[in-house]
1. Do we find that ASP34 is among the acidic types (Asp, Glu) and in contact with a Lys or Arg (Cβ under 7 Å, 6 or more places away or on another chain) in this structure?
2. Among LEU311, LEU288, LEU258, which is modelled with pLDDT under 95 and surrounded by fewer than 18 Cβ atoms within 10 Å (Cβ to Cβ)?
3. For segment 180-193, does any single residue satisfy the condition of being within 23 Å of ALA298 (Cβ to Cβ), more than 15 Å from the chain's Cα centre (by Cα) and not in a loop (DSSP other than H, G, I, E, B)?
4. What number of residues within segment 211-226 satisfy the criterion of being touching a Leu at 6+ places or on another chain (Cβ under 8 Å), of a type outside the set (Gly, Ala, Ser) and more than 16 Å from the ligand (Cβ to nearest atom)?
5. If a residue has to be part of a loop (DSSP other than H, G, I, E, B), over 18 Å from ASP84 (Cα atoms) and not small (Gly, Ala, Ser) to count, how many in segment 35-50 make the cut?
6. Test THR304 against the stated conditions and say whether it is touching a residue at least 60 places away in the same chain (Cβ under 8 Å), closer than 26 Å to TYR85 by Cα, away from the ligand (no atom under 12 Å from the Cβ) and surrounded by 16 or more Cβ atoms within 10 Å (Cβ to Cβ).
7. In segment 66-80, what residues are surrounded by fewer than 21 Cβ atoms within 10 Å (Cβ to Cβ), of a type outside the set (Lys, Arg) and in contact (Cβ under 8 Å) with a residue 24 or more places away in the chain?
Amino acid sequence: MERKRVLITGAAGFLGSHLCDRFIKEDYHVIAMDNLITGDLQNIEHLFALENFEFSHHDVSKFVYVPGKLDYILHFASPASPIDYLKIPIQTLKVGSLGTHNLLGLAKNKKARMIIASTSEVYGDPSVNPQPEEYWGNVNPVGPRGVYDEAKRFQEAMTMAYHTFHGLETRIVRIFNTYGPRMRLNDGRVLPAFIGQALRGEDLTVFGDGSQTRSFCYVDDLVEGIYRLLLSDYAQPVNIGNPDEITIGQFAEEIIKLTGTTQKVIYKDLPVDDPKQRRPDITKARALLNWEPKINRAEGLKITYEYFKSLPAEALINKEHKDFTTYNR
Ligand code: UDP
């Protein structure tokens, strides 16, 4: 039987690369697309030799051309850490809006089903906890996170419009904090930040008083949820995340214990509009997809720590991860 063909954007990134692995495992033909601004080819290098894998170096904010048929499109291209979208705010807005529009057009043309990577950031600094899909959010459009949050909100609106107006088959996954191997050590996110600091023998930087909460999902669980959602017939947004909520202060203590570092916690200013609480209500994912996370934090953190420890020493250098200034805005 002919293989199904799937286009994955942001394929060289953290989530994109794990999705490539999953679809290769399911024997799809995978077309991996990335402009490599924040992605890294090392994440998908092991797939290049396969006959059912191809890579396209392209920025989806510009017109996207893919020859041949397409069954599915997974739009996972976007900077996704607060540091990244502070550095490249305009590309962040463009990939969520123009990029999504281009890919929806492609999906329509190919009669492909498209899933977009939305985010718990659409809930902003939420006033309800946990957050169900029905919650409309509390987002500051002109704050530093606005470029990401509003691009993702627009992305959802655009996707829903293609669904209702053009009858396109679409899926929307709202992704909560996720971690695992292939996160960039210097992307500014809390987990690589803490583990990087522990490995370099630096103090762990907790922002604010550490009472803000997050709920961390291991990447394999997330990928399973996304896979099930894509194959389901449900077009409304679905939260995928791990509801096990923890304060950032407690999280720092867990990392100290895990790594055995003798360093301590130091406190820094809380970034502007940093959400105070975040926890997914996964009632829908449970009911519709028969999905829930299987890997607990202790287990997931151990695997992730082993991954970071296995990186070459130069990866640990706390350098600016990339010079973005040369990229077209
Ligand atoms: N954080 C922290 N120290 C760091 C990096 C992040 O205390 O070195 C905090 C950050 O302020 C936020 C939480 O950890 O409250 C999660 O941050 P992250 O950037 O990973 O993702 P977010 O959920 O805020 O998008």
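The values are calculated or read from the model by the stated rules, or taken from the named source; none is laboratory data. All values reported here derive from a predicted model rather than from experimental measurement. So basically every Cβ, Gly included, is an ideal-geometry build from the backbone, and we count neighbours across all protein chains shown.
1. So ASP34 does not fit the description; no.
2. Of LEU311, LEU288, LEU258, the one residue that is modelled with pLDDT under 95 and surrounded by fewer than 18 Cβ atoms within 10 Å (Cβ to Cβ) is LEU311.
3. So far as segment 180-193 goes, yes, one or more of its residues are within 23 Å of ALA298 (Cβ to Cβ), more than 15 Å from the chain's Cα centre (by Cα) and not in a loop (DSSP other than H, G, I, E, B).
4. 2
5. So the count comes out to 3.
6. yes
7. Within segment 66-80, VAL66, GLY68, ASP71 qualify.
Listed here are the residues, each with its yes/no results for (1) free of Cβ contacts under 8 Å to residues at least 60 places away in the same chain; (2) surrounded by fewer than 22 Cβ atoms within 10 Å (Cβ to Cβ); (3) hydrophobic (A, V, I, L, M, F, W, C); (4) touching an Asp or Glu at 6+ places or on another chain (Cβ under 9 Å).
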position: VAL6; (1), (2), (3), (4): no, no, yes, yes
position: GLY10; (1), (2), (3), (4): no, no, no, yes
position: PHE14; (1), (2), (3), (4): no, no, yes, yes
position: LEU19; (1), (2), (3), (4): no, no, yes, no
position: ILE24; (1), (2), (3), (4): yes, yes, yes, no
position: ILE44; (1), (2), (3), (4): yes, no, yes, yes
position: ALA49; (1), (2), (3), (4): yes, yes, yes, no
position: ASN52; (1), (2), (3), (4): yes, yes, no, yes
